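The values are calculated or read from the model by the stated rules, or taken from the named source; none is laboratory data. All values reported here derive from a predicted model rather than from experimental measurement. Using ideal geometry, Cβ is built from the backbone for each residue, glycine included, and neighbour counts are taken over all protein chains shown. For the accessible areas, the whole protein counts, side chains as well, though only heavy atoms, and no ligand, DNA or RNA atoms are used. Shrake-Rupley method; radii C 1.70, N 1.55, O 1.52, S 1.80 Å.
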Amino acid sequence: RAHYVNVNAKLRPKLRDTRHTRRNLLSVMAAPIEKSHGPGYKTPLDAMKNGPQETIVYCTAIYTGTGINKPDYLATIDVDSKSDTYCEVIHRTELAVGDECHHFGWDACSSCFHNPKARRRHLIMPCMGSGNVYVLSTEDLRAPKIVKQLDGQEIRERFDLSFPHTSHCLADGTVMISYMGNGASQGRGDYLLLDSKKDFGYADNPIYSADKKGTRYGYDFWYQPRLNVMISTEWGNPSAFSKGFDPSLIESSYGSRLYVWDWEKHTVIQEIELGAAGLIPLEIRFHHKPDSPHGYVAAALSSAMIHFYLDDATKKWKADSVIQVEGVDLNGWALPTCPGLITDFLISMDDKYLYFANWLHGDVRQYDISDPFKPVLKGQVFLGGVYQEGSAFSPSKDSVRRPKNPSPKGVKIQGGPQMIQLSLDGKRLYVTNSLYSPWDTQFYPEMLQKGSQMVRMICDIEKGGMKLDETFVVDFGKEPNGPALAHEMRYPGGDCTSDIWI
């Protein structure tokens, strides 16, 4: 009855003129209401103000390299405090043994907001170990299932690509996956394109780089279409980093460059050599504001946050270190100093706060970046690390305090903080602690026996600052098949490290 009253006025004359008015009216009433927009949100601030609070978190969980001969999997975690299964893994989507599932993304995000036919329905999960790429349907949000697999060996042989890393959806229905190696597992930074309109088969032109050669190394990327630019980073040679970290290979096998691409022409137009200040540039983020020429990249080994921007005078991109995490001298440590090792960072939807994790030092930091050239430290919380109380490595200087490792709900946190994910409203920051199984084995071997954890920070978005939520912990040491390693996280409704606006 309510539908009858609200039938569009333009349809009423047509309905009256037909001999089958009642039948047509019932058809109109039963027809699904067309969406006026695609997935995601119109603007980043719309996502922050009107996005729902997360009730589910998807998180990759790894057995590869742990000695447990079981498949890696995607864990569905209940984070609804009103639920009977709060802080529990409620579903496990198993992949294959040896996949080393790492980062993953969506088939559509806010870049497709303009397209009312687009839907955020599938997770695209590339795996570093096997090279396999999985497509998971989230029709049942609590129980994703695999609907397609692209074989990693076929991709090696057909496209000369291995070690996939980052997956981003594009506005035209394409999914773009970054690669770090060639078919022989040597360095090659390039991108494979999948077409969601073709059941996630290879795109007509499946390699993004125009010269089909890519860059020296690869890792992460972020695009800003209004500026016709993409900037990518580089980890290093897979034949080196896949065996753990060897300091003697820093000069020969690890990266220190940013690559600036012409987004439309698929060509590198500028290389930025960061030098010693920017060794191993990993994660990269532009501001969420789609016409902003500012962003950051985390240089892991140099433990520096690099601010990049488009210089108005020269029309060239520049990059400067704006945050430096000083190394700590440790008794018994193999290197002269222990770097913080910034392994992940993100920017809040309003571009006000930047958060990053120091995997070795063990702290998570919050900075106010209202002035992108001058970040201001607002919060810092320690969650483990290599020189925490009770560790075999003690600071050489008395002035360096050994942090106490908290135990939310009685669960000891293993390793150090690694991957982070922020709620849309900016008030909750989720943290996991596995980096990559060969590096976990080297730096935090106990985590392989006891498993990793997911914890949560409560963030003050008005004055700044954050604290550990002592009521929240997901312990992957208690998984049915044995202790697992937890890595990247996503929400069903998108998040600040997967959604891009055009």
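For beta carbons closer than 7 Å, sequence separation of 6+ or different chains, a first residue in region 85-96 that is in contact (Cβ under 8 Å) with a residue 12 or more places away in the chain and over 10 Å from Ala75 (Cβ atoms) and a second that is open to solvent by less than 30 Å² (accessible area, probe 1.4 Å) and among the polar types (S, T, N, Q), the qualifying pairs are Ala96/Asn132. Residues that are in a loop (DSSP other than H, G, I, E, B) and free of Cβ contacts under 8 Å to residues at least 40 places away in the same chain were ranked within region 274-320; the one that is nearest to Cys338 (Cα to Cα) is Ser302. Picking from residues in region 405-428 that are part of a loop (DSSP other than H, G, I, E, B) and of a type in the set (Gly, Ala, Ser), the one that is surrounded by the most Cβ atoms within 10 Å (Cβ to Cβ) is Gly416. Among the residues that make up region 327-338, is at least one of them open to solvent by less than 10 Å² (accessible area, probe 1.4 Å) and not charged (D, E, K, R)? Yes, that holds for at least one residue. The set of residues from region 108-136 being touching a strand residue (DSSP E or B) at 6+ places or on another chain (Cβ under 6 Å), in contact (Cβ under 8 Å) with a residue 40 or more places away in the chain and open to solvent by less than 10 Å² (accessible area, probe 1.4 Å) comprises Ala108, Cys109, Leu123, Ile124, Met125, Pro126, Cys127, Met128, Val133, Val135, Leu136. In region 35-82, of all residues being farther than 15 Å from Met454 by Cβ and charged (D, E, K, R), the one that is surrounded by the most Cβ atoms within 10 Å (Cβ to Cβ) corresponds to Asp72. If you go through region 478-502 and pick out every residue that is within 15 Å of Arg92 (Cα to Cα) and in contact with a helix residue (DSSP H, G or I) (Cβ under 9 Å, 6 or more places away or on another chain), you end up with 4.
Within region 46-62, residues that are more than 11 Å from Gly493 (Cβ to Cβ) reach partners that are open to solvent by 30 Å² or more (accessible area, probe 1.4 Å) and assigned to a loop (DSSP other than H, G, I, E, B) with beta carbons closer than 6 Å, at six or more positions or on different chains, in the pairs Met48/Asp350; Met48/Asp425. The set of residues from region 49-69 being among the small types (Gly, Ala, Ser) and not in a loop (DSSP other than H, G, I, E, B) comprises just one member, Ala61. When region 167-186 is filtered for residues that are of a type in the set (A, V, I, L, M, F, W, C) and either surrounded by fewer than 17 Cβ atoms within 10 Å (Cβ to Cβ) or more than 17 Å from Ala118 (Cα to Cα) (or both), the ones remaining, listed by number, are Ile177, Met180, Ala184.
Restricting to region 377-392, count the residues that are open to solvent by 60 Å² or more (accessible area, probe 1.4 Å), assigned to a loop (DSSP other than H, G, I, E, B) and not small (Gly, Ala, Ser).
So the count comes out to 1.
For region 391-445, the set of residues classified as charged (D, E, K, R) and at positive phi consists of Lys409 only. Looking only at residues of region 429-482 that are in a helix (DSSP H, G or I) and hydroxyl-bearing (Ser, Thr, Tyr), we find that the one that is surrounded by the fewest Cβ atoms within 10 Å (Cβ to Cβ) is Thr441. Of the strands (runs of 3 or more DSSP E) lying entirely inside region 187-272, the ones with 1 or more residues being acidic (Asp, Glu) and buried (at least 16 other Cβ atoms within 10 Å of the Cβ) are found at 187-195. Scanning region 321-358 for residues that are more than 22 Å from Tyr436 (Cβ to Cβ), of a type in the set (Gly, Ala, Ser) and in a strand (DSSP E or B) yields a total of 1.
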